[in-house]
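Chemist: Got a structure for you, questions after.
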Amino acid sequence: MEKVSVGIDVGGTTIKVGLVDSEGNIFARRSTETRPEERTSEQILFDISRLVLELLSIADVPMDAVGGIGMGVPGTVNSEKGIVTYSGNLRFKNVDVMRVLREFFRGMPILVNNDANCAALGEARFGSGKGFDNVILVTLGTGVGTGFIVDGKILEGKFGEGAEGGHICIKMGGEKCTCGQRGCWETYASATALVRQTLNSYKRYPNGIMGQIIAADDNITARTAFLARKNGDRRAAKVVSNYVGYIAVGIVNLVNVFRPDVVMIGGGVSHEGEYFIKMIDRAVRRHAFGGKQNHPPKVVPASLGNDAGIIGAAALVMPR
Ligand SMILES: [Zn+2]
């Protein structure tokens, strides 16, 4: 009988649970609110376990058809012990996730990992990194999330504290980061950073097409510069090309260390169009070590979107 894997994607606002087949397809799913500000870690984990049981029952999947349960959590995860060392989003500190889940699912393989690592694994197995053993996923959102699959395995570092590519320093004494340091890559390459860069350009040149778009929306988002560029705004084109430069410089650093087969870009910004990914790809090829004589990886959009978390968490417990 073909085994089903359970994938759990725990976010700060929403918990998503899915049943995933061996081809990486989610065939049943449920979600609920996390509400970490009003619930203890124990209550949240109980709720997750109940949700899994409910989903299995609704989908009519017997317990012995389940191959395992994988969970992705935003924060630092000691995957060997199944302990979430720290998660700001969930307000978890040294939470023994494994202990609680085992009460509900005795004898079942259970694995917990960082959510960005899970997404990278999902994309490597079933998304745009399929067929490759060495991939990097870069997610451009509020911050910059990174996941590294090296020789088919998640790179975690000691106690799961590594793989934080968003916090490599690209400018000494640069912009202040939420992590307490300065000049981290994510303070230049995140969607949040793009909004700031757009605002700075608008302040200097408030009268262009970008100014009209901002006035009409009464807002600046990560889309504003892309939209203004599309409408022929020269300043907006400059904002986008600078932003591409920031993204590329971090990727080049990662590529020079890991030399993956492919680099995948995820997050809302990655949907801005083929030209945007192509610009990053060109910059990475131009600046990666060894130039064209070596084998620079291709930069491509990630393909699993919001499902990468569930699929990747499920992939933790799938046989390779
Ligand atoms: Zn940082």
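The values are calculated or read from the model by the stated rules, or taken from the named source; none is laboratory data. As the structure is a computational prediction, the values presented were derived from the model and not from experiment. Cβ placement follows ideal geometry from the backbone for every residue including glycine, while neighbour counts extend to all protein chains displayed. Heads up: the accessible areas ignore ligands, DNA and RNA and are worked out on the full protein's heavy atoms, side chains in. Shrake-Rupley method; radii C 1.70, N 1.55, O 1.52, S 1.80 Å.
Chemist: Restricting to segment 142-179, what's the tally of residues that are buried (at least 17 other Cβ atoms within 10 Å of the Cβ) and within 14 Å of the ligand (Cβ to nearest atom)?
Modeler: Final tally of qualifying residues: 12.
Chemist: Keeping to segment 180-204, report how many residues are within 10 Å of the ligand (Cβ to nearest atom) and surrounded by 15 or more Cβ atoms within 10 Å (Cβ to Cβ).
Modeler: Applying the first criterion (within 10 Å of the ligand (Cβ to nearest atom)) to segment 180-204 yields 180-187.
When the remaining residues are screened for being surrounded by 15 or more Cβ atoms within 10 Å (Cβ to Cβ), the result is 183-187.
Qualifying residue count, segment 180-204: 5.
Chemist: Which condition breaks for Ser303 when tested against (1) farther than 30 Å from Phe27 by Cα; (2) surrounded by fewer than 20 Cβ atoms within 10 Å (Cβ to Cβ)?
Modeler: If we test Ser303 against (1) farther than 30 Å from Phe27 by Cα; (2) surrounded by fewer than 20 Cβ atoms within 10 Å (Cβ to Cβ), just (1) comes out false.
Chemist: Within segment 169-205, how many residues turn out to be part of a helix (DSSP H, G or I) and not aromatic (Phe, Trp, Tyr)?
Modeler: Looking only at segment 169-205, we keep the residues that are part of a helix (DSSP H, G or I), and these are 186-189, 191-204.
This time we only want the ones that are not aromatic (Phe, Trp, Tyr), so: 186-187, 189, 191-201, 203-204.
Summing the residues that are part of a helix (DSSP H, G or I) and not aromatic (Phe, Trp, Tyr) in segment 169-205 gives 16.
Chemist: How many residues are open to solvent by less than 50 Å² (accessible area, probe 1.4 Å) and either basic (Lys, Arg) or under 8 Å from Val195 (Cα atoms) (or both) if we restrict to segment 205-223? Step through it out loud before you land on a result.
Modeler: Applying the first criterion (open to solvent by less than 50 Å² (accessible area, probe 1.4 Å)) to segment 205-223 yields 208, 210-211, 213-214, 220, 222.
Now narrow it down to the ones that are either basic (Lys, Arg) or under 8 Å from Val195 (Cα atoms) (or both): 220, 222.
The total comes to 2.
Chemist: Here's something else I'd like to know. Of the numbered conditions (1) within 21 Å of Phe132 (Cβ to Cβ); (2) buried (at least 21 other Cβ atoms within 10 Å of the Cβ), Val239 satisfies every one except a single condition; which is it?
Modeler: Answer for Val239: the failing condition is (1).
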